[in-house]
Amino acid sequence: MAEQKTVTFIITRQDSPDSTPYDETFNVPYRKNMNVISGLMEIRKNPVNAKGEKSTPVAWDMNCLEEVCGACSMVINGVPRQSCAALVDELEQPIRLEPMSTFPVVRDLVIDRERMFDALKQVKAWIPIDGSYDLGPGPRMPEKKRQWAYELSKCMTCGVCLEACPNVNDKSNFIGPAPISQARLFNAHPTGEMNASERLEGLMEEGGLVGCGNAQNCVQVCPKGIPLTTSIAAMNRAATIQSFKNFFGSDNAH
Amino acid sequence: MAENREFFYRRLHSLLGVVPIGLFLINHLVVNHFAVYGEESFNKAASFMHNLPFVLALEIFVIYLPLLFHAILGVYIVFTAKNNVKRYNFVRNWLFFLQRFTGIVTLVFIAWHVFETRVQVALGADLDYGLMEGILTSPVMFWFYVIGVLSAVFHFANGLWGFLVSWGFAQSPRSQKIVTYATLLIFLVVSYIGIRTLIAFAYGV
C-alpha cells in the first residue's frame with residue numbers, strides 16, 4: 001500500500017490574549033487541492049501534534065472562504081495573506097502559520113482587527129444619506145468612474161496592508177493604508193463628495209495621512225491589487241489643498 | 001491648525017527638508033567646489049559667503065533653526081518605524097529604511113562637521129582652504145566625510161521624492177517612478193560635486 005502523504009504545519013499558538021506564544025507542529029493527511037483552512041480543519045478533527053501528544057484544536061477566523069471577507073488573514077510562510085486562498089500545493093513545506101503581528105491576538109491565529117474599524121470611523125468612510133424626509137435620488141455616477149471606484153471598493157479590511165507597513169506598529173498611531181484609500185473611495189462618490197472635507201479632516205487628525213512614510217509595501221501585498229499608494233498620494237494632495245483652505249480661506253463652508 | 005498639530009509638524013518637516021535645508025546643501029556643495037579651482041578661488045568664495053550681510057541671522061533662520069527642527073522630529077520619526085526590509089524586500093521599502101538610516105548618519109556627521117568648522121571659526125580659527133585641508137588630509141576623516149556627504153545627499157534626493165509624494169504632486173505610479181529616476185540623477189550629480197571637492201582638499205588635485 002502506498003504511504004499516506006502528509007502536510008506539515010508549524011503553527012504559532014497562543015492560548016489567551018496575554019499568554020506567551022509557542023510553536024506547535026502538526027502533520028495532517030494530504031488531500032488533493034487542499035487549502036490552509038482545510039488543513040486547519042483536519043487539525044480540529046484530530047488535534048494530535050507531531051509528537052503524538054493530544055493537543056487542543058487550533059483556533060482561526062474565517063467566513064466567506066472565497067477571499068472577499070478578509071477574516072482569515074494570517075502570515076503564511078512569512079507572507080500575510082488569506083488562508084482560504086493559500087493552496088497547499090503551491091506552498092513550501094513545512095507550512096508556517098503565524099497570526100498577523102500588527103494586531104492583538106485573541107487566540108492562536110485569531111486576531112482583533114478593531115483598530116481598522118475605528119480608523120474607518122475616524123475618516124468617516126461611509127455616505128450619510130439618512131434624513132427625516134426623503135432626500136430624493138442622488139446625482140448619477142458616470143459608468144467610467146464607477147468602474148474605477150469598484151477597484152477601490154474591493155477593500156475587505158483584511159489587514160494585510162497594515163501588517164506589511166513598517167509605520168503601523170505599537171510605537172506609532174498610524175491608521176494604515178486601507179482607511180486612507182476608503183476615504184478616497186467615498187470622496188469620489190457623487191453623494192459622498194458632499195462630505196469630502198469631513199473625511200479629509202479625519203485624515204489630518206492624529207495617526208492620519210502623515211503617518212505614511214511611503215515604504216509602499218502595502219501596494220505590493222494587497223490581495224485585491226488596490227492602488228493604495230496612489231490613493232495615499234491623492235489624499236495627500238487633497239489634504240494639502242484642504243489645509244490651505246482651512247488656514248487661508250475666508251470661512252469654514254468647505 | 002491647533003487640532004491638527006501632527007499634520008502641520010510633519011508637513012513642515014517635509015517642506016523644511018527641501019526649502020531651505022536642501023537648497024542650502026546644494027549651495028554649500030557648489031560653493032565649496034571652488035576648491036577644485038585652487039586655494040585662492042576657494043578662499044575668495046568662502047570669505048564672500050562668510051561676509052554676507054546679516055550672516056548670523058541668515059545662518060540662524062536659514063540653517064540652524066530649520067535643521068534643528070528637522071533633526072529633532074526626524075529622530076522621533078526614525079524611532080516610530082519598525083523596519084521590515086528582510087521580510088518585505090522591495091525597492092521602496094529599502095529606500096524607506098535608508099532614508100531613516102542616512103538621516104541618523106547625516107545628523108552625526110553634521111554635528112561633528114559644525115563643531116569642527118563653524119564652531120572653531122567662531123572661536124577664532126581662520127575660515128580658509130587650510131582649515132579643510134588640515135581635516136581632510138587625514139584618511140580617516142576623508143572617509144568619514146565621504147560617508148557623511150553621500151548620506152546627506154542621499155537623504156536630500158530621496159527626501160525630495162518623499163516631499164513630492166507627501167504633498168501630493170506625484171500621485172500616479174508612473175509619475176512616482178519618473179520622480180525616482182530624477183532624484184537618482186540628482187543624487188549622482190550632487191554627490192559628484194561634493195566628493196570631487198573632498199578629493200581636491202585631501203589630495204590637492
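The values are calculated or read from the model by the stated rules, or taken from the named source; none is laboratory data. No experiment lies behind these values; they were computed from the predicted model shown. Using ideal geometry, Cβ is built from the backbone for each residue, glycine included, and neighbour counts are taken over all protein chains shown. Accessible surface is based on the protein model in full, side chains and every heavy atom, while ligands, DNA and RNA are left aside. Shrake-Rupley method; radii C 1.70, N 1.55, O 1.52, S 1.80 Å.
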Filter result for the condition that a residue is more than 9 Å from chain A (Cβ to nearest Cβ) and aromatic (Phe, Trp, Tyr), over B:Phe96, B:Phe90, B:Phe42: B:Phe42
Would you mind finding the one in A:Pro223, A:Pro227 that is more than 8 Å from chain B (Cβ to nearest Cβ), in contact (Cβ under 8 Å) with a residue 60 or more places away in the chain and of a type outside the set (A, V, I, L, M, F, W, C)? A:Pro223
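Each row is one residue, and each column tells you yes or no for (1) buried (at least 23 other Cβ atoms within 10 Å of the Cβ); (2) β-branched (Val, Ile, Thr); (3) touching a Pro at 6+ places or on another chain (Cβ under 7 Å).
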position: A:Pro177; (1), (2), (3): yes, no, no
position: A:Ala183; (1), (2), (3): yes, no, no
position: A:Pro190; (1), (2), (3): no, no, yes
position: A:Glu193; (1), (2), (3): no, no, no
position: A:Leu200; (1), (2), (3): yes, no, no
position: A:Leu203; (1), (2), (3): yes, no, no
position: A:Gly208; (1), (2), (3): yes, no, no
Find the residue count for the stretch B:8-51, including only residues that are aliphatic (A, V, I, L, M), open to solvent by less than 40 Å² (accessible area, probe 1.4 Å) and under 16 Å from B:His155 (Cα atoms). 5
Considering only helices (runs of 4 or more DSSP H) fully contained in the stretch B:1-119, which possess at least 2 residues that are closer than 21 Å to A:Gly208 by Cα? B:5-18, B:65-80, B:91-114
State all residues of the stretch A:132-175 that are of a type in the set (Gly, Ala, Ser) and open to solvent by 70 Å² or more (accessible area, probe 1.4 Å); if no residue qualifies, say none. A:Ser132
Of the residues A:Asn236, A:Asn246, A:Asn217, which single one is within 12 Å of chain B (Cβ to nearest Cβ) and surrounded by fewer than 22 Cβ atoms within 10 Å (Cβ to Cβ)? A:Asn246
Test for A:Glu201: is it under 30 Å from A:Met41 (Cα atoms), outside the structural domain of A:Ala59 (by TED's automatic domain parsing) and in a helix (DSSP H, G or I): no
Restricting the stretch B:73-87 to residues that are hydrophobic (A, V, I, L, M, F, W, C) and in contact (Cβ under 8 Å) with a residue 12 or more places away in the chain, the one surrounded by the fewest Cβ atoms within 10 Å (Cβ to Cβ) turns out to be B:Val75
